[in-house]
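One structure is given below, encoded as structure tokens.
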Amino acid sequence: MNYWLVKSEPGTWSWDDHVKKGVEHWDGVRNYQASNNMKAMKTGDQAFFYHSVNEKRIVGIVEVVKEYYPDHTDPKGRFGMVEFKAVKPVPNPATLADIKAHPELQDLALIKQSRLSVMPIGEKEWEIICKMAGL
């Protein structure tokens, strides 16, 4: 299994929105690196659900239930999407400030490539962040 982090603006698509839907596609990604990360996702992989903009914190965990396929919102047909199911909220949302302060998390794309919306998370980093989030 691989681990990921996906970002969403809570005013556009929030954790609560995803929980209400249960399973939903992750569309609208228009960055080639983020898209390539989604292409690498496999069924069963898990991702942190990160609220960006004002919140800047991990609020839940989602799981890939459908692998990469064409994104119906892309008129040029260049990009795709995956489907996630909501797994569980995190008891203690891990903030960007908390993550930046942890010495073993300094190489995360979340810190080094702050505008990237879909990124891999190593197993060791996943475990550290899960512990930070109360899991």
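The values are calculated or read from the model by the stated rules, or taken from the named source; none is laboratory data. Keep in mind the model is a prediction, meaning the values are calculated, not measured. Ideal geometry is used to build each Cβ from the backbone, glycine not excepted, and the neighbour counts take in all protein chains shown. SASA here: full protein model, heavy atoms, side chains in, ligands and nucleic acids out. Shrake-Rupley method; radii C 1.70, N 1.55, O 1.52, S 1.80 Å.
Restricting attention to segment 9-45, which residues are in a strand (DSSP E or B) and surrounded by 21 or more Cβ atoms within 10 Å (Cβ to Cβ)? Result: W26, single match.
Mind listing just one residue for me: the one in segment 63-93 that is in a loop (DSSP other than H, G, I, E, B) and of a type in the set (D, E, K, R) and, of those, surrounded by the most Cβ atoms within 10 Å (Cβ to Cβ)?
Step one: filter segment 63-93 for residues in a loop (DSSP other than H, G, I, E, B), giving 71-79.
This time we only want the ones that are of a type in the set (D, E, K, R), so: 71, 74, 76, 78.
On the way: D71: 21, D74: 16, K76: 6, R78: 11.
Restricting to residues being in a loop (DSSP other than H, G, I, E, B) and of a type in the set (D, E, K, R), the top hit is D71.
Listed by first and then second residue, the pairs linking a residue in segment 116-127 that is under 15 Å from K42 (Cβ atoms) and open to solvent by 30 Å² or more (accessible area, probe 1.4 Å) to a residue that is part of a helix (DSSP H, G or I) and at pLDDT 95 or above, with Cβ atoms under 8 Å apart and 6 or more places separating them unless they lie on different chains, are P120/N37; P120/A109.
With respect to L110, is the statement that it is assigned to a loop (DSSP other than H, G, I, E, B) and either open to solvent by 50 Å² or more (accessible area, probe 1.4 Å) or in contact with a helix residue (DSSP H, G or I) (Cβ under 7 Å, 6 or more places away or on another chain) (or both) true? When the stated conditions are applied, L110 does not pass them.
In this structure, is K56 in contact with an Asp or Glu (Cβ under 9 Å, 6 or more places away or on another chain), surrounded by fewer than 20 Cβ atoms within 10 Å (Cβ to Cβ), of a type in the set (D, E, K, R) and touching a residue at least 40 places away in the same chain (Cβ under 8 Å)? Lay out the reasoning, then the answer.
Working: in contact with an Asp or Glu (Cβ under 9 Å, 6 or more places away or on another chain): no; surrounded by fewer than 20 Cβ atoms within 10 Å (Cβ to Cβ): yes; of a type in the set (D, E, K, R): yes; touching a residue at least 40 places away in the same chain (Cβ under 8 Å): yes.
When the stated conditions are applied, K56 does not pass them.
Just one residue in the set K85, K131, K100, K124 is of a type in the set (K, R), in contact with a strand residue (DSSP E or B) (Cβ under 6 Å, 6 or more places away or on another chain) and at pLDDT 95 or above; that residue is K85.
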